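*Asks:* For reference, the structure I am asking about is given below.
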Amino acid sequence: MADITAGADRYQIAGRIERLPFSRWHFKMGAIVSTGWFFDGFDALAIAYVLPVLVPAWHLTFATGSTLISAGYIGQLIGSIVFGWLGERYGRVPIFRYTLILYTVMSIACCFAWDYWSLFTMRAIQGLGLGGEIPIMAAYIGELAKSTHRGRYGLGFQLWFSI
């Protein structure tokens, strides 16, 4: 009986979200998610702008430069799987907070990298936090947008990645 009641409550919450008018709270949540998505895109492009300076300074080859770029993406892959699961298990807000802190700290740490391996390691760890944000932000978009506007909102947030 408790399972039936819990399921009914879930549908009532979804119905309530559908009936809510667009408010300041929606705008605030959208701004937070958009900011996270913007920095995801920024990180993906930042290494591309830094790499031409690092190649001659650290005597990088094409292979080492490529692996330096891919270190962040490998971290994102692992982070999205692990932190996405943790977000569903322990709550999205605290896990989102931890991934944001991890990403921020490692972004600053990357500024102080002294060689290839230090930057490679920091970018991989930074990617964990960055990858952990993505599934949580995507879930928020799906939950907070009305069903009639969900696709438009999803596209709008994806555009922040390329901006």
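The values are calculated or read from the model by the stated rules, or taken from the named source; none is laboratory data. All of these numbers come straight from a predicted model, not from anything done at the bench. No Cβ is skipped: glycine too gets one built from the backbone with ideal geometry, and neighbour counts run over all protein chains shown. Protein only, heavy atoms only, side chains kept; ligands, DNA and RNA dropped before computing areas. Shrake-Rupley method; radii C 1.70, N 1.55, O 1.52, S 1.80 Å.
*Asks:* Identify all residues within region 114-135 that are of a type in the set (G, A, S) and at pLDDT 95 or above; write none if there are none. I'd like the intermediate steps shown before the answer.
*Replies:* Residues of region 114-135 of a type in the set (G, A, S): 118, 124, 127, 129, 131-132.
Within region 114-135, S118, A124 qualify.
*Asks:* Continuing with the same structure: Step by step: first the residues of region 74-96, then only those that are aromatic (F, W, Y) and under 25 Å from Q158 (Cα atoms), then the one that is surrounded by the most Cβ atoms within 10 Å (Cβ to Cβ). Which residue is that?
*Replies:* Only one residue fits best here, namely F83.
*Asks:* Starting from region 20-38, keep only residues that are open to solvent by 50 Å² or more (accessible area, probe 1.4 Å), then list their pairs with residues that are part of a helix (DSSP H, G or I) whose Cβ atoms are within a distance under 8 Å, requiring at least 6 positions of separation or different chains.
*Replies:* If the second residue must be part of a helix (DSSP H, G or I), the pairs left are F38/W160; F38/F161.
*Asks:* When you scan region 125-153, how many residues do you find that are of a type in the set (S, T, N, Q) and over 30 Å from A109 (Cα atoms)? So that I can check it myself, show each step before the final result.
*Replies:* Just the residues of region 125-153 that are of a type in the set (S, T, N, Q), to begin with: 126, 147-148.
From the residues that got through so far, the ones that are over 30 Å from A109 (Cα atoms) too are 147-148.
Here the count works out to 2.
*Asks:* A follow-up question, please. State the number of residues belonging to region 105-163 that are among the charged types (D, E, K, R), part of a helix (DSSP H, G or I) and under 24 Å from E88 (Cβ atoms). Give the steps one after another, and end with the answer.
*Replies:* Let us first name the residues in region 105-163 that are among the charged types (D, E, K, R), namely 115, 123, 133, 143, 146, 150, 152.
Those left that are additionally part of a helix (DSSP H, G or I): 123, 133, 143, 150, 152.
Adding the requirement that they be under 24 Å from E88 (Cβ atoms) leaves 133, 143, 150.
Matching residues across region 105-163 total 3.
*Asks:* Hey, another quick one. Can you find a residue that is closer than 21 Å to L159 by Cβ and hydrophobic (A, V, I, L, M, F, W, C) anywhere in region 48-57?
*Replies:* Yes, some residue in region 48-57 is closer than 21 Å to L159 by Cβ and hydrophobic (A, V, I, L, M, F, W, C).
*Asks:* Answer with yes or no whether Y103 is of a type in the set (S, T, Y) and farther than 18 Å from L51 by Cα.
*Replies:* Against the criterion (of a type in the set (S, T, Y) and farther than 18 Å from L51 by Cα), Y103 qualifies.
*Asks:* When region 97-115 is examined, which residues are found to be open to solvent by 30 Å² or more (accessible area, probe 1.4 Å) and within 14 Å of the chain's Cα centre (by Cα)?
*Replies:* R97, Y98, L100, I101, L102, T104, S107, listed by residue number.
*Asks:* Please work out which residue is most open to solvent (accessible area, probe 1.4 Å), limiting yourself to region 132-158 and to residues that are farther than 15 Å from Q76 by Cβ and among the charged types (D, E, K, R).
*Replies:* For region 132-158, the residue satisfying everything is R152.
*Asks:* I've got another one for you. Just one of the numbered conditions (1) open to solvent by 50 Å² or more (accessible area, probe 1.4 Å); (2) within 12 Å of F39 (Cβ to Cβ) is not true of G129; which one?
*Replies:* Looking at each condition in turn, G129 falls short on (1).
*Asks:* Could you check region 39-73 and list, in sequence order, the residues that are touching a helix residue (DSSP H, G or I) at 6+ places or on another chain (Cβ under 7 Å), open to solvent by 60 Å² or more (accessible area, probe 1.4 Å) and hydrophobic (A, V, I, L, M, F, W, C)?
*Replies:* Hit for region 39-73 is W58, nothing else.
*Asks:* For region 12-63, enumerate the residues that are hydroxyl-bearing (S, T, Y) and more than 23 Å from I108 (Cβ to Cβ).
*Replies:* S23, T61
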